Amino acid sequence: MTTTKEVQHQAETRMKKAIEALHNDLGKLRTGRASPGLLDPVRVSYYGNDVPLSQVASVAVADARTLTVTPWEKNLMTAIEKAISAANLGLNPSSVGGQTIRIPLPPLTEERRKELIKVVKSEGENAKVSIRNVRRDANTQLKDMLKDKLISEDEERRSQDSIQKLTDKFSSEVDTILSHKEKDLMEI
């Protein structure tokens, strides 16, 4: 038998996961600043298998607008360069001294920034929908518990109120994350 505390705890845990998913999704957006996460979608052909770039090379931030990729095996240089180019990230890798690949990040155009802000807002809305779905599921569990006479009406009302407070808290956290990301995108 689950208690109202457990229902609230499960709801809070699932809402935290929605926030983590939002952070992950926004981390993949290129803001003009170098971040190793930009190359996460890149898959390299390695002995007949497509593997993530992170499994065949180390990715580092050289400066604010440059990434460096150092393959663990020299014979992978061209395969890695091709994979980065083929990933449609708008990046042009170039090898340096046959041991390192430098990837300069081009500055974002005003038009591209506005497109990215739309994507950011869409991701934020998805996170809020996810949080509201968690609230709905928790409230349904509480109603079922009331129907089965496991809790009183007062207990159900208090639990619904606390779940609504959690929903408000996490929704405002999404808004905060979005405003930081938008500000980040508009910086030149």
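Details
- Against the numbered list (1) within 22 Å of the chain's Cα centre (by Cα); (2) farther than 18 Å from ARG14 by Cβ; (3) of a type in the set (A, V, I, L, M, F, W, C); (4) assigned to a helix (DSSP H, G or I), ILE80 comes up short only at (1).
- Selected residue (criterion: farthest from the chain's Cα centre (by Cα)) from residues of segment 172-188 that are surrounded by fewer than 14 Cβ atoms within 10 Å (Cβ to Cβ) and among the charged types (D, E, K, R): GLU187
- Just so you know, in segment 31-55 the residues that are touching a helix residue (DSSP H, G or I) at 6+ places or on another chain (Cβ under 6 Å) and either part of a loop (DSSP other than H, G, I, E, B) or over 29 Å from VAL120 (Cα atoms) (or both) include one that is modelled with the lowest pLDDT, and it is THR31.
- For ILE103, the stated conditions do not hold, so it cannot be described as crowded, with 16+ Cβ neighbours inside 10 Å, out of contact with any Phe, Trp or Tyr (no Cβ under 7 Å at 6 or more places or on another chain) and part of a helix (DSSP H, G or I).
- Of all residues in segment 67-78 being surrounded by 15 or more Cβ atoms within 10 Å (Cβ to Cβ) and not polar (S, T, N, Q), the one that is nearest to GLY37 (Cα to Cα): LEU67
- Candidates are the residues of segment 8-30 that are part of a helix (DSSP H, G or I) and aliphatic (A, V, I, L, M); the one that is modelled with the lowest pLDDT is LEU26.
- In segment 56-66, the residues that are over 20 Å from the mean Cα position of the chain (by Cα) and either in a strand (DSSP E or B) or surrounded by fewer than 15 Cβ atoms within 10 Å (Cβ to Cβ) (or both): ALA57, SER58, ALA62, ASP63, ALA64, ARG65, THR66
- Test result for GLU115, surrounded by fewer than 18 Cβ atoms within 10 Å (Cβ to Cβ) and within 30 Å of ARG14 (Cβ to Cβ): no
- Test: SER85 is in the same structural domain as GLU20 (by TED's automatic domain parsing) and not in a strand (DSSP E or B): no
- Residue match in segment 43-56 (condition: of a type outside the set (Ser, Thr, Tyr) and within 30 Å of ASP144 (Cβ to Cβ)): no
- Taking the criterion of being in a strand (DSSP E or B) and either out of contact with any Lys or Arg (no Cβ under 9 Å at 6 or more places or on another chain) or surrounded by 19 or more Cβ atoms within 10 Å (Cβ to Cβ) (or both), the only residue of segment 88-100 that qualifies is THR100.
The values are calculated or read from the model by the stated rules, or taken from the named source; none is laboratory data. Predicted, not measured: the structure shown is a model, and the values here were computed from it. Cβ atoms come from the backbone with ideal geometry, glycine included; neighbour counts cover every protein chain shown.
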